[in-house]
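Undergrad: Sharing a structure here in structure tokens format.
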Amino acid sequence: MNIPRHPLRINVGFLLNAPIGYSRDIHFDYPQIRLEDEYFTRFTGMVRVNRTPQGILVQSDFLAFHTVECVRCLEEFAQELHCEFSELYAFNRRSTTESNLVLREDGNIDLESLAREYLLIEIPISPLCRPDCLGLCPECGQNLNLGICEHSVRVTD
């Protein structure tokens, strides 16, 4: 499968001379995407770029799936992740915000690091493959979602 090299690099040079308030929506749809060292599948989203007096305001909304391990049964599954974020890419250092993002001279914005960070933050601390996951037998390690074992059928008084 062909994974784009810079999948979230956007050239916003066309906005530099646009009137304040001008915006454009950019849509993304990748079956698989690599953001730095992490792979995501079914990656979709939209980015709205807005011309402001201070710079380019980027408003992003992404949905993706990431392979994680269930904390109960230890099986891997695709966890749905959704993130939204807004960042201002300032025209110069004097206009920067707390994110300290400055628009590059070539007019390109690369959202790869930001999207990766915001998506990874959405991974639950204790991911479950499903809410009713039965986990593993504490004695033999059998995945109880796949069937019962001799330990799980013991009747206790």
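Undergrad: Looking for something surrounded by fewer than 18 Cβ atoms within 10 Å (Cβ to Cβ), modelled with pLDDT of 95 or more, under 30 Å from residue 142 (Cβ atoms) and not charged (D, E, K, R) - is there at least one such residue anywhere in region 57-66?
TA: Yes.
Undergrad: Quick test for you: out of 18, 64, pick the one residue that is under 28 Å from residue 130 (Cα atoms), small (Gly, Ala, Ser) and in contact with a Lys or Arg (Cβ under 7 Å, 6 or more places away or on another chain).
TA: 64
Undergrad: Can you tell me how many residues within region 8-54 are in a strand (DSSP E or B), small (Gly, Ala, Ser) and over 23 Å from residue 119 (Cα atoms)?
TA: Total satisfying the criteria: 1.
Undergrad: Return the total of residues in region 11-38 being at pLDDT below 95 and in contact with a helix residue (DSSP H, G or I) (Cβ under 7 Å, 6 or more places away or on another chain).
TA: Residues flagged as at pLDDT below 95 and in contact with a helix residue (DSSP H, G or I) (Cβ under 7 Å, 6 or more places away or on another chain) within region 11-38 amount to 3.
Undergrad: May I ask you to list the residues in region 86-106 that are hydroxyl-bearing (Ser, Thr, Tyr) and modelled with pLDDT under 85?
TA: 95, 96, 97, 99
Undergrad: Moving on to the next point. Search region 31-56 for residues being closer than 24 Å to residue 100 by Cβ and among the aliphatic types (A, V, I, L, M), and hand back the single one that is surrounded by the most Cβ atoms within 10 Å (Cβ to Cβ).
TA: Taking the candidates together, the pick is 56.
Undergrad: In addition: When you go through 75, 117, 112 one by one, which is the residue that is under 30 Å from residue 144 (Cα atoms), at pLDDT 90 or above, surrounded by 12 or more Cβ atoms within 10 Å (Cβ to Cβ) and among the acidic types (Asp, Glu)?
TA: Testing whether each residue is under 30 Å from residue 144 (Cα atoms), at pLDDT 90 or above, surrounded by 12 or more Cβ atoms within 10 Å (Cβ to Cβ) and among the acidic types (Asp, Glu) leaves just 75.
Undergrad: One residue is enough: does region 100-120 have a residue meeting the conditions in contact (Cβ under 8 Å) with a residue 40 or more places away in the chain, among the aromatic types (Phe, Trp, Tyr), farther than 17 Å from residue 12 by Cα and in a strand (DSSP E or B)?
TA: No: region 100-120 contains no residue that is in contact (Cβ under 8 Å) with a residue 40 or more places away in the chain, among the aromatic types (Phe, Trp, Tyr), farther than 17 Å from residue 12 by Cα and in a strand (DSSP E or B).
The values are calculated or read from the model by the stated rules, or taken from the named source; none is laboratory data. The model shown is predicted, which means the values in this text are computed figures rather than measured ones. Heads up, the Cβs are rebuilt from the backbone with ideal geometry, glycines too, and the neighbour counts pull from every protein chain shown.
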